[in-house]
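The values are calculated or read from the model by the stated rules, or taken from the named source; none is laboratory data. What you are looking at is a predicted structure, and each value in this text was computed from that prediction instead of being measured. Please note: Cβ atoms are built from the backbone with ideal geometry, for glycine as well, and neighbour counts cover all protein chains shown.
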Amino acid sequence: MTAIIWAFAFIVTMLATASPALAAEGAGGYANGMIAMAAGLAIGLAAFGVALGQGRATAAAMESIGRNPNSADRIFVPMIIGLALMEALCLYALVIAFFLQGKF
């Protein structure tokens, strides 16, 4: 896991230090690149977090149903509502990413 974090930090550092290459585009080149990177990171991190949350919630629900099969009808509806609320957070991040894309 730490190797992934270091690789991500390296990529972000390389993208952030690429401003001299963007100088030929004019005054808005660097800002537009950062806005595009922010939009990509917004949806990417939101989707990653939602996927982890949904996986853990579903695993916990299936484990509890496996331990007590009679409780499946009482667990199913709250689990689906929780998954829908998590998915709504990812959709909010998608809307924010679209707004950021519209800025350049």
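Laid out as a table, the results:
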read-out: Test: residue in region 61-71 that is exposed (fewer than 11 other Cβ atoms within 10 Å of the Cβ) and among the aliphatic types (A, V, I, L, M); value: no
read-out: Every pair of residues 6+ apart whose Cβ atoms lie under 7 Å, when the first sits in region 59-87 and is within 19 Å of ALA47 (Cβ to Cβ) while the second is of a type in the set (Val, Ile, Thr) and surrounded by 12 or more Cβ atoms within 10 Å (Cβ to Cβ); value: MET86/VAL50; GLU87/VAL50
read-out: Answer from MET79, MET86, MET37, MET62 - the residue that is over 24 Å from THR13 (Cα atoms) and within 16 Å of the chain's Cα centre (by Cα); value: MET86
read-out: Hey, ALA57 at pLDDT 90 or above and either of a type in the set (Ser, Thr, Tyr) or more than 15 Å from the chain's Cα centre (by Cα) (or both) or not; value: yes
